[in-house]
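Undergrad: Quick one: the structure is below, and I'll ask about it shortly.
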Amino acid sequence: MCRRSLFPQLLKRTIKPNGGAADRRSIFLWGQDDLHFARVNVEQAAYIGSAQPADSIRRSNEMSPNTLLTIGQQFSRRSWAEPWKIKMVEPLHMSSREEREKALHKAGFNTFLLRSDDVYIDLLTDSGTGAMSDRQWAGMMLGDEAYAGSRNFYHLESAVQKFYGYKYIVPTHQGRGAEHLISKVAIKPGQYVPGNMYFTTTRLHQELAGGIFVDVIIDEAHDPQILHPFKGNIDLDKLETLIKREGADNIAYVSVAGTVNMAGGQPVSMANIKDLRDLTKRHGIKLFLDATRMVENAFFIQEREDGYADKSIAEILREFCGYSDAAWMSAKKDSLVNIGGWLAVNDEEMFEELRNLVVVYEGLHTYGGLAGRDLEAMAIGIAESVQDEHIQSRIGQVRYLGELLTTWNIPIVHPVGGHAIFLDAKAFYPQLEQIKFPAQTLAAELYLDSGIRSMERGIASAGRNAETGDHNYPKLELTRLTIPRRVYTQAHMDVVAESVRAVYENRDQTRGLKMVHEPKYLRFFQARFERL
Ligand code: P70
């Protein structure tokens with residue numbers, strides 16, 4: 001491989017500015033490698049991100065061709081490292097190919113049905129799989145397990161108020177518990193719920209409450225190769241058309257996710273949420289935020305948006321949340337805990353309703369289905385999650401894997417998002433029609449090669465159309481390599497990259513899968529497949 005090819009040659013490719021004044025003042029120049037970019041501001045040409053001025057590239061090129069370079073040096077930047085050291089380790093099981101073949105058959109070619117003991121590197125999800133800090137573990141010992149009024153609840157309440165800025169907090173056992181309650185309270189049957197692409201559990205709860213989900217994300221989000229700094233943005237024209245067509249009274253609320261999971265962990269810009277706030281205010285429509293990976297979203301705003309380079313992650317997070325009326329959270333992601341979630345609102349009346357409903361479905365309003373110790377770990381995790389150095393190294397690790405795969409020309413979603421690398425299974429297996437489950441097939445092949453567990457995010461996840469009963473055929477057919485927080489090392493990422501490459505090199509021999517068992521709800525969790 002030619003080392004020179006690793007250096008970003010800045011090209012004027014892209015970009016259709018979308019969603020707000022700040023974006024419109026910038027032109028993004030993306031590197032040939034699709035990973036690095038420079039932003040040229042109309043007022044002053046400014047380089048941000050990891051794009052490099054020409055002289056540092058020249059300096060690296062002067063090194064001897066045999067010099068071993070760190071990845072940071074290869075990209076002409078200083079390397080990052082984790083802001084922690086390891087105090088306790090969990091041994092992993094390294095299985096043989098024969099064992100994996102057996103395990104995969106037993107699991108019906110569905111990585112959700114594998115036993116964790118049969119997995120080597122587990123990239124199924126970043127949900128609840130992070131490593132807690134020594135402070136969080138110490139906090140667990142301070143759990144106040146009173147049925148009512150646990151002191152840990154008040155710690156959590158203060159942390160959410162301080163870092164996210166909402167007034168009233170209701171704890172829930174995890175994200176979908178919060179989604180259930182807010183959908184029940186805020187949606188009248190037949191109302192529309194526009195959102196920036198769907199998330200499986202979010203949409204299901206909206207639909208179970210009688211809502212009709214409408215995707216109003218910008219078109220760029222549906223194309224894995226289009227480069228856009230804020231691919232999670234809402235298309236304000238699409239939203240306005242829906243409001244005009246259906247009337248503001250028929251919109252329950254606008255549902256915005258901070259970093260859009262199904263689009264590849266893509267962020268929403270501050271300009272977009274501000275414009276969205278103005279638009280919804282004009283029509284008297286509420287704006288609710290899925291804050292699950294909002295800290296990661298804040299990182300991209302700091303990196304890419306005019307005026308935010310010198311603001312802290314905590315400041316950006318507070319400002320962004322300030323444009324919404326309410327939020328729900330799966331704390332198992334950004335907040336560095338193994339279980340937990342919450343709902344937060346500014347409206348007192350709505351809070352009263354939610355606080356009442358939580359006792360029916362989750363538990364009393366001061367524990368919401370969690371132990372006191374879980375609430376404490378969450379309160380501490382929130383404070384740790386907004387530290388700039390934490391989020392830089394977290395996203396740095398995801399990018400590292402992306403850099404390796406991109407330089408090997410393996411098709412992934414660009415730009416690389418916050419929590420995962422998404423392999424583009426349609427491009428990986430052009431010979432497979434979507435009904436042969438290319439992303440599910442790729443997840444199975446990766447597991448067979450090395451014991452790495454990934455997750456299908458394509459046709460199996462998209463389910464069926466409620467009216468026609470046919471499969472939904474999403475544009476994106478992706479296999480997600482999700483990176484747990486503070487768990488794996490750079491060497492693990494090397495092993496993952498090499499395994500993806502080995503599967504890629506054998507891609508011609510792959511024939512796909514057929515579904516032989518299909519559960520009614522969220523079928524991807526328990527569906528079973530057979531080889532074609
Ligand atoms: C994942 C997890 C959970 C999630 C999320 C966003 C943006 C809400 C939730 C729900 C777990 C998962 C869930 C469904 C299918 C596959 C995996 N995402 N909003 O791995 O939160 O899990 O706590 O109920 O990403 O992406 P919770």
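Every number in this text was worked out from the coordinates using simple rules, so none of it is lab data. Because the structure is predicted, anything quoted here is derived from the model rather than measured. Ideal geometry is used to build each Cβ from the backbone, glycine not excepted, and the neighbour counts take in all protein chains shown.
Undergrad: Using packing as a proxy for protection, rank 275-283, 330-338 so that the peptide with the highest average count of other Cβ atoms within 10 Å comes first.
TA: Those peptides, ordered most packed to least, come out 330-338, 275-283.
Undergrad: How many Å³ per residue does the convex hull of the Cα positions in the stretch 154-385 occupy?
TA: 108 Å³
Undergrad: Under a cut-off of 12 Å between alpha-carbon atoms, report the aspartates and glutamates in cross-link reach of residue 102, not counting same-chain residues fewer than 8 places apart.
TA: Residue 102 reaches 118.
Undergrad: Sticking with this structure for a sec: Excluding residue 505 itself, calculate the net charge of residues whose Cβ lies under 13 Å from the Cβ of residue 505, where each Lys or Arg counts +1 and each Asp or Glu counts -1.
TA: Local net charge: -2.
Undergrad: Given the options 212, 307, 258, identify the residue whose Cα lies farthest towards the positive end of the charge dipole of the stretch 154-385 (+1 on Cβ of Lys, Arg; -1 on Cβ of Asp, Glu).
TA: 212
Undergrad: Work out the FRET efficiency for residue 530 and residue 360 from their Cβ-Cβ distance, taking R0 = 51 Å, and round it to the nearest 0.05.
TA: Taking R0 as 51 Å, the efficiency between residue 530 and residue 360 is 0.80.
Undergrad: Based on the mean of other beta carbon atoms within 10 Å per residue, what is the order of 69-82, 213-226, most packed first?
TA: 213-226, 69-82
Undergrad: Okay, moving on. Hey, got the dipole for the chain? About the Cα centre, +1 on K and R Cβ, -1 on D and E Cβ, debye to the nearest 20?
TA: 680 debye
Undergrad: Can I ask one more? Nearest 20 debye, what's the magnitude of the dipole of the stretch 177-288 about its Cα centre given +1 on Lys and Arg Cβ and -1 on Asp and Glu Cβ?
TA: 420 debye
Undergrad: Something else now. Taking Cα pairs under 8 Å and at least six residues apart, what relative contact order does the stretch 154-385 come out at, in percent?
TA: 29 percent
Undergrad: Estimate the FRET efficiency between residue 249 and residue 466 by the formula 1/(1 + (r/R0)^6), using the beta-carbon distance for r and 30 Å for R0, to the nearest 0.05.
TA: 0.85
Undergrad: What is the spin-label model distance, in nm, from residue 73 to residue 408 if the labels are put 7 Å beyond Cα along the C-beta direction?
TA: Label-label distance for residue 73 and residue 408, simple model: 2.2 nm.
Undergrad: Based on the Cβ-Cβ distance from residue 348 to residue 516, what FRET efficiency comes out when R0 is 35 Å, to the nearest 0.05?
TA: With a Förster radius of 35 Å, E is 0.10.
Undergrad: Starting from the 7 Å offset along Cα-to-Cβ, what nm value, one decimal, do you get for the label separation of residue 435 and residue 315?
TA: 5.6 nm
Undergrad: Considering the alpha-carbon set of the chain alone, what are its Rg and its Dmax in angstrom?
TA: 22.7, 69
Undergrad: In deg cm²/dmol, rounded to 500, what helix-only [θ] at 222 nm does the chain give when every DSSP H run of at least 4 residues adds -39500 (n - 2.57) and the total is split over its residues?
TA: So the helix-based figure for the chain works out to -11000 deg cm²/dmol.
Undergrad: Past 30 Å, Cα to Cα, is the threshold; run 188/311; 85/426; 106/184; 274/475; 85/106 against it and keep the listed order.
TA: Beyond 30 Å between Cα atoms: 188/311; 85/426; 106/184; 85/106.
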